[in-house]
Amino acid sequence: RGAIGGLARRREGLAEPDDAYREAIAILENERTRLPYTSVVVDETQDMGEPALRLVRAIVPKSDDGDRDSLFLVGDAHQRIYSRKASLLACGIEVRGRASRLRLNYRTTELIRRYAVAVLEGVAVDDLDDDLDTLAGYRSLRRGADPIRIGYATPSKELAGLIDWLREVPPDGNTPVSTAVLVRTNRQLSEVEAALDAAGLDAFVLRNNRPDDRGIPGIRLATMHRAKGLEFDRVALALLSNETIPPRQALSHAVDEAGRREVIEREKSLIHVAGTRARSELRVSWHGSRPDLILG
C-alpha cells in the first residue's frame, strides 16, 4: 500500500516530506546551485530528521572558516515527539566546542518542572550530537504548587471532576483563555468538547490548521501534539488511561522489543511536553488504573 500510495502522489506532483528534502538536496549539490543565504536559524531542531538536517547543511555549505556564524540551532531532545534521533555531526553540522546548554526555566514552576522531568525517568536522551544529555542543574525561577494528580473509576466521573476544576476561579483571576485541557487523541478531544458544552462552559478547540486567537473566549482544548510550542497558566492533562498511554495500536505494530521501547519513550516525551505547557498550575487525571507512564 505504501508503494502504491507513493506512486499516486508522484503522479499528482506530490511527495513525502523526507523525499522532498532529498530532492532539494540533490538539486543544490548536483546542479551546484548557490542560494542567496549566509546564515540559517533553526528552532525545534530535535523534531527534524536526518533528511531535513542535511538540507539545512546544503542551504549554507560549510565554509573555510568552519561554519562560524552560518548556522544557529536550538533544540531539546527531551521534547522530541516526532522524528527519530538524528545526529548533527552525521549530517555535516559540527557543533562540538561551540554548543551551550540553557539551564534556567522561565515558563513553568519548579514543582511542575520536577513532575515533567520525573516522567522521563529511564529514558536515555541524546544531546543531538552523538552523546547523552542530562537535566541535572536545570531549575525554575518559581517554586509553585504540586501538580494535582487524581484518578477516577470511569471516564464520565473523570469528566465531571474536570468540569468542577474548570469552574473554579483561580486566585490570580486568570481567564478561561489562559486555561487549557490537553488530551491524547482527537476522539477524546470531541468528548471533552461535548462535556464542556453540556456544562455550559465556553471552549475553543485548537486544530492543526487553526491558530490560537486569544480574542476568542473560551477554555482551550487541544491534543497534546497540537499544544507543543504553546503555554497556558493552567493546564489539565485529561482522560489518561492504559488504553491510550501508550496507544495499544502503536505497541501492537512494533516489530520487536526495541520498537516497543521507542513507542513508550516517545509517549513519555509527549507527556513531558504536555506537562510543561503549564506556567502555574497543572492537573493530571486518569480513569481506571493509573498508567505507569504518568507516575512522575
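The values are calculated or read from the model by the stated rules, or taken from the named source; none is laboratory data. Because the structure is a prediction, the values reported are computed rather than measured. Neighbour counts are summed over all protein chains in view; Cβ atoms, including those assigned to glycine, are modelled from backbone coordinates with ideal geometry. Ligands, DNA and RNA are stripped out before the accessible areas are found, and what is left, the full protein with its side chains, is counted by its heavy atoms. Shrake-Rupley method; radii C 1.70, N 1.55, O 1.52, S 1.80 Å.
Round to the nearest 0.05 the FRET efficiency obtained for Glu243 and Asp18 when R0 = 30 Å and r is the Cβ-Cβ distance.
Working: r = 31 Å, r/R0 = 1.03.
Using R0 = 30 Å, I get an efficiency of 0.45.
Taking 0.36 nm per residue of separation and subtracting the Cα-Cα distance, what length does fully extending Arg143 through Ala99 add? Before the final figure, lay out each step's value.
On the way: separation 44, 0.36 × 44 = 15.84 nm, distance 2.85 nm.
Using 0.36 nm per residue and subtracting the Cα-Cα distance, I get 13.0 nm.
Asp172 to Arg214: extension gain in nm, 0.36 nm per residue of separation minus the Cα-Cα distance?
Details: separation 42, 0.36 × 42 = 15.12 nm, distance 1.84 nm.
Contour length minus the Cα-Cα distance gives 13.3 nm.
Which whole-number percentage describes the relative contact order of the chain, with Cα contacts under 8 Å and a sequence gap of 6 or more? Display every interim value, and only then the final one.
On the way: 454 pairs, mean separation 60.2, N = 296.
For the chain, the relative contact order is 20 percent.
What number comes out for accessible area per residue over the chain if the probe is 1.4 Å? Units Å², please.
Details: 16300 Å² over 296 residues.
Ligands and nucleic acids excluded, the result is 55 Å² per residue.
Kindly rank 277-290, 137-150 from highest to lowest mean number of other beta carbons found within 10 Å of each residue.
Values: 277-290: 21.2, 137-150: 13.8.
Put in order of decreasing packing, that is 277-290, 137-150.
Taking the structure as given and computing Rg and Dmax of the Cα atoms in Å, which label from (1) 20.4, 64; (2) 21.4, 65; (3) 20.2, 81 fits?
So the structure-derived entry is (2).
On the protein heavy atoms, probe 1.4 angstrom, tell me the percent of accessible surface of the chain carried by carbon and sulfur. Please report the intermediate quantities before stating the final value.
Numbers: 8190 of 16300 Å².
Carbon and sulfur atoms account for 50 percent of the accessible area of the chain.
Which sequence of Glu94, Glu168 reflects their accessible areas, 1.4 Å probe, from the largest down? If you can, show how the numbers build up before the last one.
Working: Glu94 60, Glu168 100 Å².
Result, largest first: Glu168, Glu94.
Which value, in Å² and to the nearest 10, is the accessible area of Val192 when all protein chains are kept and the probe is 1.4 Å?
0
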